[in-house]
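Report on the structure given below.
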Amino acid sequence: MTTVPQIVLDGDVAIPQLGFGVFQIKPEDTAAAVSQALEAGYRHIDTAQMYGNEAQVGKAVAESGIPRDEIFVTSKLSNAAHDPAAAREATERSVDALGGPMDLYLIHWPMPAVGDFVQTWRTMQEFTEQGLTRAIGVSNFQIPHLRRLLDETDVVPAVNQIEVHPYLQQGPLRAFGREHGIVTEAWSPIAQGDVLDDPVLLALAAETGRSVAQVVLRWHLQRGDVVFPKSADPARMRENFALFDFTLNDDQTARIDALDAGRRRGPDPDEFNWIPD
Ligand code: NDP
């Protein structure tokens, strides 16, 4: 059985560095996908209220036969629920859907033009006190957003979950996190497939005898970030989990580092203010 390294978050909560993401897996397919991921060895599932599949994650976890404290579950506050009263109600719904408290709970987007994310962050702190989640953090926060949380509140986010892949390496934001004890979680770690036909990465795959996805995921792990690739295919789930029997050397990581292009696959957090119906 593969042992995935754990990273200790502020407050002594240990998170497996490699997990499984369920964004864009349809609710009706999610329980099966999560069961297959658990069978492949994953013990960390990343979902969100806005993905619409928390209940199916909860069902697969409950029916897995694996003790709940051996599986790490993250979910995220909906963009529609930044207001404190709405946040409390939405969080209770997430906990119900998941069948119990979360391990990690994030503000999904800062929504800078819509509400006051500092007030939302203060509300999130109630949820750890109430035992609804073991740790809290944020997602898609930029340096000025994080700075406000650090300046105006007493609780440092355990993580910042942001878009990171070879074409968007996020040097300054990751360094800011490191400096302040905020662990970076890299979403869309293979840029939703965009990096798979890159000539430099194809050459590295040939050189290491691994797939491009494995090379890129290994690069993330060696940088110290948490990753949770999504796949609906059991063979690719296993492929993305087989990362612990090879390493990239300094020359190989430098060639990936050189691919940084500041190119996003997803929305820009400074401009994304979308609210679901
Ligand atoms: P990923 O970078 O994980 O890429 C997923 C895509 O790559 C799918 O189309 C998948 O297809 C394909 N794929 C996966 N593995 C392989 C492989 N080994 N070879 C070839 N193709 C492969 O993108 P995501 O956007 O899903 O990011 C991962 C997770 O990050 C999400 O599921 C979610 O949990 C989180 N996330 C968080 C966001 C946030 O705002 N906080 C935003 C976006 C994502 P197939 O399924 O057919 O294998």
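Things to note:
- Every condition in (1) within 28 Å of Asn79 (Cβ to Cβ); (2) surrounded by 14 or more Cβ atoms within 10 Å (Cβ to Cβ) is met by Trp219 except one, and the failing one is (1).
- Any hit, region 254-261, residues being within 30 Å of Ser35 (Cβ to Cβ), more than 22 Å from the chain's Cα centre (by Cα) and not small (Gly, Ala, Ser): no
- Cβ-Cβ distances below 7 Å connect the following pairs, each with a first residue in region 218-241 that is under 18 Å from Arg255 (Cβ atoms), a second residue that is of a type outside the set (Val, Ile, Thr) and more than 10 Å from the ligand (Cβ to nearest atom), and a separation of six or more residues or different chains: Arg218/Leu243; Arg218/Phe246; Arg218/Leu248; Trp219/Leu248; Leu221/Gln17; Leu221/Leu18; Leu221/Leu243; Gln222/Leu248.
- In region 184-229, residue farthest from the ligand (Cβ to nearest atom) [restricted to those that are in a strand (DSSP E or B) and out of contact with any helix residue (DSSP H, G or I) (no Cβ under 7 Å at 6 or more places or on another chain)]: Val226
- Subset tally (residues that are more than 18 Å from Ser78 (Cβ to Cβ) and among the aliphatic types (A, V, I, L, M)) for region 119-153: 5
Here is a yes/no grid of residues against (1) within 11 Å of the ligand (Cβ to nearest atom); (2) in contact with a Pro (Cβ under 8 Å, 6 or more places away or on another chain):
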site: Gly11; (1), (2): no, no
site: Pro27; (1), (2): no, no
site: Gly52; (1), (2): no, yes
site: Val61; (1), (2): no, no
site: Arg68; (1), (2): no, no
site: Thr74; (1), (2): yes, no
site: Asn79; (1), (2): yes, yes
site: His82; (1), (2): no, no
site: Asp96; (1), (2): no, no
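- Residue in region 256-272 that is farther than 30 Å from Ala81 by Cβ and either of a type in the set (S, T, N, Q) or part of a helix (DSSP H, G or I) (or both) present: yes
Conditions tested, residue by residue: (1) under 19 Å from the mean Cα position of the chain (by Cα); (2) assigned to a strand (DSSP E or B); (3) modelled with pLDDT of 95 or more.
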| position | (1), (2), (3) |
| --- | --- |
| Tyr42 | yes, no, yes |
| Gly65 | no, no, yes |
| Ala80 | no, no, yes |
| Thr91 | yes, no, yes |
| Gly100 | no, no, yes |
| Asp103 | yes, yes, yes |
| Pro110 | yes, no, yes |
| Val114 | no, no, no |
| Gln119 | no, no, yes |
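- Residue check, Ala86 more than 20 Å from the chain's Cα centre (by Cα) and hydrophobic (A, V, I, L, M, F, W, C): yes
- Filtered by the rule that a residue be within 16 Å of the ligand (Cβ to nearest atom) and under 14 Å from Gln170 (Cα atoms), region 132-156 gives Ser139, Asn140, Phe141, Gln142.
- Inter-residue pairs, beta-carbon under 6 Å, first part of a helix (DSSP H, G or I) and in region 140-156, second surrounded by fewer than 16 Cβ atoms within 10 Å (Cβ to Cβ) and of a type in the set (A, V, I, L, M), 6+ apart: Arg148/Val118; Glu152/Val118
- Check on Glu129, farther than 28 Å from Ile25 by Cα and either buried (at least 18 other Cβ atoms within 10 Å of the Cβ) or not β-branched (Val, Ile, Thr) (or both): yes
- Selected residue [of a type outside the set (Asp, Glu), out of contact with any Cys (no Cβ under 8 Å at 6 or more places or on another chain) and in contact (Cβ under 8 Å) with a residue 40 or more places away in the chain] from Ile71, Ile25: Ile25
The values are calculated or read from the model by the stated rules, or taken from the named source; none is laboratory data. Bear in mind the structure is a predicted one, so any value in this text is a computation, not a measurement. Neighbour counts run over all protein chains shown; Cβ positions are idealised from the backbone, glycine included.
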